[in-house]
Amino acid sequence: MELAFFIQRASQLGVLADALCGRFPSLLGHATTARFSGCRVGRVYYGHETCQHALPAADDLMRLQELVLRHDLKLSFVTPLCTDAGLARIKDLVKHLTEACDELVVNDYGVLHELANAEVRVKMVMGRLLARAKKWPFGEIPSPALDLVRDAPYGFTEHQELLSRYRVTRVEFDNRKEGYGAGLDALGVDKTLHVPYVFLAAERMCLLAGQRCSGKEKFGIPVSCQHDCDTTLLRLNGSVFSNGCGHYSVNDSPLNPEDQRFSRLVLSLSI
Amino acid sequence: MGVPSSDGSFTVMRIKSPLSSAAEVRPLIAAGADEFYLGYVNAKLNGGGAGCLMNRRSNADANICSREELRLTVALAHDGGRPVFVTFNEHSYAESQRRTVLYLLDDAVAAGADGVIVADPGLMLLIRNNALPLKVTCGVGGGAFNSAAVRFFAALGAFRVVLPREMRTEEIKALSDSERSVEYEVLIMNTRCHFIDSCCNLYHPSPSARFFCRSISLLEPQMPDGGPAGSRLLDLHLREYRHWNKFCPESKHAGKEHCGVCALPELKAAGIAGLKIAGRALPTEQKIRCVTLLRECRDMLSSAADAADYRKRARTRVGSLCGQPYMCYYPDIH
């Protein structure tokens, strides 16, 4: 199984460098880091899943690619859901991808449609935000809903036609405690599992960016931000972590990483 | 598809009302509804599971639950010249649901429904591959924030796209201006969820008090390394957030609903074709109040001197129900 480290922002480059030397952030539980300690990591995921304001600057992307090459790794460039303004920035950043990057992870159907149809060298990967199926980290989903939920992501076989049409070579999933049913086997592409943070939900009304706004903008959609997520996280009700616009639970269970259907395990070093 | 006027806007933005029974059709037409949408489940089709996760509100109170009532509802709406759209808006379906979904779709066709509201690209493809005579609307759960996403869904057969709630009005206009292959619809009243619909993977257990979005009350800032963080600015913001989020116990707005009527001038200028009222499970009286309010505000548009004059009059009409700025659907306009 291929192992990868995931950072979302340029401010986490130091965290990545530490992890490559075997030093992990203290927020990650022992069960998670123990699985990665001493293992050969072959890949880095870089880029934000939920916020177009957190897209990297071209310089940061170049710097990360140099680091990746130095460590003889490969890069998967992660892109968020986005408006047309964000899509334009993503298209510009894609021009800066070097031989270090061989995958584009998309979390927006528009990014998929635009870039899979463009002449881009990188492979297309469906990000975990597009593996849309329910999760409930606070209790048990009752039957018969649980069986449906387990088989829901890309459930109808028509999805195979879509994946093929858009040249998708890999689809990504969360280490949700509900697990995945037999439906996953039919997909016919490689599969990734993300640990330990389980994506739950996203918003554009950022809880961190809004603090610097006034009046009507305070709980609106920010037009820019000062990247407070670089220095602050939010913990909701004790068990959910938020970077302002993306919300994640934590699942350290080894159950799904041992599922042989996943050929890659991605460790988020932070959110 | 409707024909926009020379300035790109639709002559009249159509009011799309929720329905959950045949008895609601006539009073809602009288109140001003131009279109209807409803949920349809039928537990007789395939055992108890047939009503499970067929749409984003599978509870009986948000759905029409028999073939007979579906037929009657569509017939009554058509008598009044109103189209009916049936919602199949789960983000994704299991393959084991295929047979039930196809039965329900066939029932919708047989009842004469005009179209469906779909969020799952796989289901859109299933409908197209089966050549079902139903117009497809990409629901808010599709998550079409950009023009390329609109083209993605248009390529799968969507004639209309419901835009995500979390867009600024200038973003809506920019998107509508740049991609004109479909009609656009926006949500305008009720249930402005905390999370982006297409990016909310949370299971919604019964009762609704257990929804995660209804239980966010404790927000603790901390450093990325796990230590405590925060500032007075952030503390104040989080405190204010608990009032903004009507589902938090501290909120003073629990009795009010989200509303976007102030943004009608901008939405009309953006060429929006449809104004959707959320809330299939709402009591009939509340649905009628929403449709009436929206129709009256839409009528004010033509007689208002300008957007400021319109907003002043619209806010007077909304009166004490207005929860500005916390309850605004489009707070950039407030």
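The values are calculated or read from the model by the stated rules, or taken from the named source; none is laboratory data. No experiment lies behind these values; they were computed from the predicted model shown. In this analysis, Cβ positions are derived from the backbone assuming ideal geometry, glycine residues included, and neighbour counts consider all displayed protein chains. These accessible areas exclude ligands, DNA and RNA; they are computed on the full protein's heavy atoms, side chains included. Shrake-Rupley method; radii C 1.70, N 1.55, O 1.52, S 1.80 Å.
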Subset of the range A:17-45, residues aliphatic (A, V, I, L, M) and over 15 Å from the mean Cα position of the chain (by Cα), comes to A:ALA17, A:ALA19, A:LEU20, A:LEU27, A:LEU28, A:ALA31, A:ALA34, A:VAL41
Odd one out for B:HIS243, checked against (1) assigned to a helix (DSSP H, G or I); (2) modelled with pLDDT under 85; (3) more than 14 Å from A:PHE219 (Cβ to Cβ) | (3)
A:LEU207: of a type in the set (A, V, I, L, M), part of a loop (DSSP other than H, G, I, E, B), under 30 Å from B:ARG168 (Cα atoms) and within 9 Å of another protein chain (Cβ to nearest Cβ), yes or no?
-> yes
Does the range A:195-203 contain at least one residue that is at the interface with chain B (Cβ under 9 Å from one of its Cβ atoms), assigned to a loop (DSSP other than H, G, I, E, B), on the phi > 0 side of the Ramachandran plot and modelled with pLDDT under 95?
-> no
Tell me, yes or no, whether the range B:204-219 has at least one residue that is under 21 Å from A:ASP228 (Cα atoms) and either open to solvent by 50 Å² or more (accessible area, probe 1.4 Å) or over 31 Å from the mean Cα position of the chain (by Cα) (or both).
-> yes
Residue identified as in contact with a helix residue (DSSP H, G or I) (Cβ under 9 Å, 6 or more places away or on another chain), at pLDDT 95 or above and open to solvent by less than 20 Å² (accessible area, probe 1.4 Å) among B:LEU70, B:LEU76 | B:LEU70
Give me the pairs: first residue in the range A:14-25 and closer than 14 Å to A:ARG43 by Cα, second residue open to solvent by 50 Å² or more (accessible area, probe 1.4 Å), beta-carbon distance under 8 Å, and six or more apart or on different chains, which are they?
-> A:LEU20/A:HIS71
Residue set A:LEU207, A:LEU236; condition closer than 21 Å to B:GLY143 by Cβ and either under 15 Å from the mean Cα position of the chain (by Cα) or modelled with pLDDT under 90 (or both); output residue A:LEU207
Can you name the number of the only condition in (1) in contact (Cβ under 8 Å) with a residue 12 or more places away in the chain; (2) surrounded by fewer than 23 Cβ atoms within 10 Å (Cβ to Cβ) that A:LEU162 fails?
-> (1)
Quick check, is A:ASP92 closer than 25 Å to A:GLY42 by Cα, more than 9 Å from chain B (Cβ to nearest Cβ) and surrounded by fewer than 20 Cβ atoms within 10 Å (Cβ to Cβ)?
-> no
Do we have B:VAL140 as open to solvent by 10 Å² or more (accessible area, probe 1.4 Å) and either at the interface with chain A (Cβ under 9 Å from one of its Cβ atoms) or touching a strand residue (DSSP E or B) at 6+ places or on another chain (Cβ under 8 Å) (or both) here?
-> yes
By residue number, the members of the range A:53-72 that are of a type outside the set (A, V, I, L, M) and open to solvent by 30 Å² or more (accessible area, probe 1.4 Å) are A:HIS53, A:ASP59, A:ASP60, A:ARG63, A:GLU66, A:ARG70, A:HIS71, A:ASP72
Here are some conditions: (1) open to solvent by less than 50 Å² (accessible area, probe 1.4 Å); (2) free of Cβ contacts under 8 Å to residues at least 12 places away in the same chain; (3) in contact with a strand residue (DSSP E or B) (Cβ under 7 Å, 6 or more places away or on another chain); (4) under 17 Å from A:ASN237 (Cβ atoms). B:GLY226 meets all but one. Which one does it not meet?
-> (3)
Of the residues in the range A:2-31 that are more than 14 Å from chain B (Cβ to nearest Cβ) and in a helix (DSSP H, G or I), the one that is surrounded by the most Cβ atoms within 10 Å (Cβ to Cβ) is A:LEU20
Hey, can you tell me all the residues within the range A:65-98 that are in a loop (DSSP other than H, G, I, E, B) and out of contact with any Lys or Arg (no Cβ under 9 Å at 6 or more places or on another chain)?
-> A:HIS71, A:ASP72, A:THR79, A:PRO80, A:LYS95, A:HIS96, A:THR98
Look at A:GLU140 and say whether it is of a type in the set (Asp, Glu), touching a Lys or Arg at 6+ places or on another chain (Cβ under 6 Å) and more than 7 Å from chain B (Cβ to nearest Cβ).
-> no
Selection within the range A:143-161 - more than 7 Å from every other protein chain (Cβ to nearest Cβ), more than 24 Å from A:TYR197 (Cβ to Cβ) and in a helix (DSSP H, G or I) | A:ASP147, A:GLN160
Conditions: (1) surrounded by fewer than 20 Cβ atoms within 10 Å (Cβ to Cβ); (2) under 21 Å from the mean Cα position of the chain (by Cα). B:CYS199 meets all but one. Number of the miss?
-> (1)
With A:GLY215, A:GLY183, A:GLY179, A:GLY220 as the choices, which residue is within 11 Å of chain B (Cβ to nearest Cβ) and on the phi > 0 side of the Ramachandran plot?
-> A:GLY215
Across the range A:33-60, what is the total count of residues that are of a type in the set (Ser, Thr, Tyr), within 24 Å of A:ALA202 (Cα to Cα), outside any loop (DSSP other than H, G, I, E, B) and out of contact with any Ser or Thr (no Cβ under 6 Å at 6 or more places or on another chain)?
-> 1
Output the number of residues of the range A:241-269 satisfying the condition of being modelled with pLDDT under 90 and either open to solvent by less than 20 Å² (accessible area, probe 1.4 Å) or not polar (S, T, N, Q) (or both).
-> 7
Subset of the range A:102-146 (residues that are of a type in the set (A, V, I, L, M, F, W, C), open to solvent by 20 Å² or more (accessible area, probe 1.4 Å) and more than 18 Å from A:GLY181 (Cβ to Cβ)) = A:ALA118, A:VAL120, A:PHE138
Name the single residue, out of those in the range A:165-192 being assigned to a loop (DSSP other than H, G, I, E, B) and of a type in the set (D, E, K, R), that is farthest from B:PHE153 (Cα to Cα).
-> A:LYS177
Which condition does B:ASN190 not pass, out of (1) in contact with a His (Cβ under 9 Å, 6 or more places away or on another chain); (2) surrounded by fewer than 24 Cβ atoms within 10 Å (Cβ to Cβ); (3) facing chain A (nearest Cβ under 9 Å), if it passes all the others?
-> (3)
Count, please, the residues in the range B:136-161 that happen to be hydrophobic (A, V, I, L, M, F, W, C) and out of contact with any helix residue (DSSP H, G or I) (no Cβ under 9 Å at 6 or more places or on another chain).
-> 2
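Let's see how each residue does on (1) open to solvent by less than 10 Å² (accessible area, probe 1.4 Å); (2) at pLDDT below 95; (3) out of contact with any Phe, Trp or Tyr (no Cβ under 8 Å at 6 or more places or on another chain):
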| site | (1), (2), (3) |
| --- | --- |
| B:ASP7 | no, yes, yes |
| B:SER17 | yes, no, no |
| B:SER20 | no, no, yes |
| B:LEU28 | yes, no, no |
| B:ASN46 | no, yes, no |
| B:ASN55 | yes, yes, no |
